[in-house]
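Written out below as structure tokens is the structure these notes cover.
The values are calculated or read from the model by the stated rules, or taken from the named source; none is laboratory data. Since the model is a prediction, treat every value here as computed from it, not as a measurement. Cβ sites come from the backbone with ideal geometry, for glycine too, and all protein chains shown count toward neighbours.
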Protein chains: 2
Amino acid sequence: MNDVPAPDWIAVDWGTSNLRVWSMRGGAMLRCAHSDEGMSTLEPDGFEPALNRLITQLGGDAGLPVMACGMLGSRQGWVEAPYRSVPCTPLSDDFSSVGAVHIIAGLKQNKPADVMRGEETQIAGFLALNPGWDGVICLPGTHTKWVELSAGEVVSFQTQMTGELFALLCDHSVLRHSVRSGAWDADAFDTSVNEIISRPERLAARLFAIRAGDLLEGTAPATARARLSGLLIGAELAAARPYWLGRDIAILGASAQSNYYLAALKTQGVPATLADAERMTLAGLTAAYRLWKDAS
Amino acid sequence: MNDVPAPDWIAVDWGTSNLRVWSMRGGAMLRCAHSDEGMSTLEPDGFEPALNRLITQLGGDAGLPVMACGMLGSRQGWVEAPYRSVPCTPLSDDFSSVGAVHIIAGLKQNKPADVMRGEETQIAGFLALNPGWDGVICLPGTHTKWVELSAGEVVSFQTQMTGELFALLCDHSVLRHSVRSGAWDADAFDTSVNEIISRPERLAARLFAIRAGDLLEGTAPATARARLSGLLIGAELAAARPYWLGRDIAILGASAQSNYYLAALKTQGVPATLADAERMTLAGLTAAYRLWKDAS
């Protein structure tokens, strides 16, 4: 413990199902701690103790300034943080504070109606590490975001429920009998992406064909699972075409999911850059910490 | 009890989650009984006692001939009945029998891969009541079927997971917070059907917009629920266009669901006839009983 310098602030990413906390010294990450006490598992008076447990575990002091992003700022969270309207920079110095905890505002778009919480911090991190970058950021997840950036501002964005649909269909639908596999059929994925991009209206019918193909032809589970993923990501690409066609693309996510999006874009001849989501979150929280310090 | 004549056979519709049994005399229904002992709730040795309980309740004799359709003929059911390949008549005299119980075969289509179990009996019932009818039958349900009929045969069919997607999204997704309502916004339904038929690739993005619209504008739950239904049924119509464009349409289903499909087709200027699913099932099981008697 003696080798680790004392933290001067705490970074927090508090999502629906997970809490991640890092002790920080300036822009340097010292140590990290995770728990499954996500926003949806806590009552209003449970947030502070859950956070302090992890800060103590990191050897931090409960009085340190905390910069936090994610669903803890939602109506069902700890303190409701506002949504700022795009076009705007991903961060501002207007935090929602409770004690030493400073919560980053989400972003909203009025037409078409859309919202984000947490992704704005990753986007700020990406811009901090790639100053002046213009293009489109794709953030795969339960609710995947496509975000258009120009001159340091979020211009517009679009959320798709692809990840949530994949999980619901895998775990709860009639397809659950057909897609249980840890393996992956990359050809079936590419074929399905191409098929649904050219005929996006066929989605609901092609989904049931995965089950029928299993019953009639004994489709391998790795093939069925890759088809399901390919159909859903392909349908997403069809809907997000204005975002990726002829643009510079960066994918910010965890590695497995990001690689599926990379492969799907590749079927359309579109290259993309990968960036690690956790690294972007930390860079974004660091940018927020600097904004907060400058303003206070 | 004295007024009811003795049954000479038993009609059974055994689905995934429900068992429905009728005592019959020729083509006349005498009495009916329902239970929630569907196929998915039973072990292999549970089917016979579950059926006999309802037959006894109806005053029937366990030795009477039983004609049965539905998921009891699936691999996870009582006895696996084969699938017959389309094009073919909806029924044949080739039943899968266990004791006095005669299970009706399902139908399969090889390309695109598709299957049905139970709907073939409703289709046979519709044809028995409407001899010589040519056109397309839509059977709304967990897995909606679109079926092309010509000269008394099923020529082709297409299954869509619309009903299952609606239930999963209402009960398990982030939209569950926004769509809890017993009311209905018919204008929002029509608008959503039209919107997604003209741009079917936008489905996954428009789904999340239901949630964002609730957060930003406080969309009424009746509007959000009708939008969700309209987007899913509209996407289904886009996929099934070759089935309904310029054809005579009959919708076989329970009344609420059938009326949504009727309204959706009406937005496209397509008229359709409604037929009651239970009545069609009984007419189809009666046709099967006659085929079985003639063959035995």
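Assorted remarks:
- Considering only residues in the range A:163-192 that are among the acidic types (Asp, Glu) and within 14 Å of chain B (Cβ to nearest Cβ), the one that is surrounded by the most Cβ atoms within 10 Å (Cβ to Cβ) turns out to be A:Glu164.
- Hits in the range B:63-79 - residues which are touching a residue at least 24 places away in the same chain (Cβ under 8 Å) and either farther than 27 Å from B:Pro131 by Cβ or part of a loop (DSSP other than H, G, I, E, B) (or both): B:Gly63, B:Leu64, B:Pro65, B:Met71, B:Leu72, B:Ser74, B:Gln76, B:Gly77, B:Trp78, B:Val79
- A:Ala256 being modelled with pLDDT of 95 or more and either assigned to a helix (DSSP H, G or I) or of a type in the set (Gly, Ala, Ser) (or both): no
- Annotation note: of A:Ala186, A:Ala151, A:Ala204, the sole residue that is touching a helix residue (DSSP H, G or I) at 6+ places or on another chain (Cβ under 9 Å), more than 27 Å from B:Thr219 (Cβ to Cβ) and aliphatic (A, V, I, L, M) is A:Ala186.
- With a requirement of 3 or more residues that are hydrophobic (A, V, I, L, M, F, W, C), the strands (runs of 3 or more DSSP E) lying completely within the range B:80-197 that satisfy it span B:135-139, B:144-150, B:153-160.
- Filtered residues of the range A:110-140 (kept if within 23 Å of A:Arg241 (Cβ to Cβ), surrounded by fewer than 19 Cβ atoms within 10 Å (Cβ to Cβ) and in contact (Cβ under 8 Å) with a residue 40 or more places away in the chain): A:Pro112, A:Trp133, A:Asp134, A:Gly135
- Matching residues in the range A:1-37 - criterion: being surrounded by 12 or more Cβ atoms within 10 Å (Cβ to Cβ), among the polar types (S, T, N, Q) and farther than 20 Å from A:Gly73 by Cα: A:Ser23
- Any hit, the range B:224-244, residues being assigned to a helix (DSSP H, G or I), over 20 Å from B:His177 (Cβ atoms), more than 9 Å from chain A (Cβ to nearest Cβ) and acidic (Asp, Glu): no
- Identity of the residue in the range A:125-144, under 14 Å from A:Ser258 (Cα atoms) and out of contact with any strand residue (DSSP E or B) (no Cβ under 6 Å at 6 or more places or on another chain), that ends up nearest to the other protein chains (Cβ to nearest Cβ): A:Thr142
- Subset of the range B:85-122 (residues that are within 18 Å of the chain's Cα centre (by Cα) and either within 14 Å of chain A (Cβ to nearest Cβ) or small (Gly, Ala, Ser) (or both)): B:Ala105, B:Gly106, B:Leu107, B:Lys108, B:Gln109, B:Asp114, B:Val115, B:Met116, B:Arg117, B:Gly118, B:Glu119
- Scan of the range A:145-162 for residues that are within 17 Å of A:Glu236 (Cα to Cα) and more than 10 Å from chain B (Cβ to nearest Cβ), ordered by number: A:Val147, A:Glu148, A:Ser156, A:Phe157
- The one condition in (1) in contact with a Leu (Cβ under 6 Å, 6 or more places away or on another chain); (2) at pLDDT below 95; (3) under 30 Å from B:Leu149 (Cβ atoms); (4) aliphatic (A, V, I, L, M) that B:Met67 fails to fulfil: (2)
- Sub-6 Å Cβ pairs linking a first residue in the range B:43-58 that is free of Cβ contacts under 8 Å to residues at least 24 places away in the same chain to a second residue that is among the small types (Gly, Ala, Ser), at least 6 apart or interchain, are B:Asn52/B:Ala62, ordered by first then second residue.
- Matching residues, the range A:211-220, being within 15 Å of A:Ser192 (Cβ to Cβ) and more than 9 Å from chain B (Cβ to nearest Cβ): A:Ala220
- All positions within the range B:70-84 that are within 11 Å of chain A (Cβ to nearest Cβ) and among the hydrophobic types (A, V, I, L, M, F, W, C): B:Met71
- Put simply, of A:Glu195, A:Glu153, A:Glu236 the only residue that is surrounded by fewer than 21 Cβ atoms within 10 Å (Cβ to Cβ) and in contact with a strand residue (DSSP E or B) (Cβ under 9 Å, 6 or more places away or on another chain) is A:Glu153.
This table checks each residue for (1) assigned to a loop (DSSP other than H, G, I, E, B); (2) within 13 Å of chain B (Cβ to nearest Cβ).
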| residue | (1), (2) |
| --- | --- |
| A:Glu201 | no, yes |
| A:Ala204 | no, yes |
| A:Ala250 | no, no |
| A:Ala263 | no, no |
| A:Val270 | yes, no |
| A:Thr281 | no, no |
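- Test: residue in the range B:95-109 that is more than 30 Å from B:Ala295 (Cα to Cα) and without any contact (Cβ under 8 Å) to a residue 40 or more places away in the chain: no
- Single match in A:Leu64, A:Leu107, A:Leu51 (criterion: surrounded by 15 or more Cβ atoms within 10 Å (Cβ to Cβ) and farther than 27 Å from A:Asp3 by Cα): A:Leu107
- The listed residue being at positive phi and within 24 Å of the chain's Cα centre (by Cα), out of A:Gly26, A:Gly70: A:Gly70
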